[in-house]
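In what follows, a structure is listed as structure tokens, so that the remarks can point back to it.
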Amino acid sequence: MKIRVEYVAQIRDAAGCPNEGLDLPAGSAVQDAVRAVARARGGRLATMLLDAAGNLNPSALLFVGDEQVEWTDVRPLRDGDTVTLMSPLAGG
């Protein structure tokens, strides 16, 4: 299945692009998508996304469509879904 991955804020800088397509096996969950991106891009992006245990870093936010998803909620993906990865924005 094909999904779209959007990168926002500092995670976009680490990814080096604003978005990309990702092919995943049918039945993959959002966690599989995040881990696939971290493996494929590695480096700073992988460090920003995943902790040493392979779980989402608390400083990263995860969305499927417009809905924020908690890492502990196994959320199956469907063909055509958009997964957004972002770091919290701060301003003053």
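None of the figures in this text is laboratory data; all of them are computed from the coordinates on show. If you're wondering where the values come from, they're calculated on a predicted model, not measured in any experiment. All Cβ positions, even for glycine, are placed from backbone atoms using ideal geometry, and neighbour counts span all protein chains on display.
Projecting the Cα atoms of GLN31, ALA46, MET86 onto the dipole axis of segment 2-86, where Lys and Arg carry +1 and Asp and Glu carry -1 at the beta carbon, places ALA46 farthest toward the positive end. The local environment of ALA33, defined by Cβ-Cβ distances under 13 Å, has a net charge of +1 under the rule Lys, Arg +1 and Asp, Glu -1. Per residue, the convex hull spanned by the Cα atoms of segment 1-48 measures out at 64 cubic angstrom. Using the Karplus relation 6.51 cos²θ - 1.76 cosθ + 1.60 with θ = phi - 60°, the per-residue 3J(HN,Hα) values for segment 36-43 come to 5, 5, 4, 5, 5, 9, x, x Hz, with x marking Gly and Pro. In the chain, Cα pairs under 8 Å separated by at least six residues give a relative contact order of 40 percent.
Between ALA29 and SER59, the contour length at 0.36 nm per residue exceeds the Cα-Cα span by 8.8 nm. What does the charge count around SER87 come to, taking other residues whose C-beta lies under 12 Å from its C-beta (Lys +1, Arg +1, Asp -1, Glu -1)? For residues surrounding SER87, the net value is +1.
Counting charges near ASP66 (Lys, Arg +1; Asp, Glu -1) among other residues having Cβ under 12 Å from its Cβ returns a value of -3.
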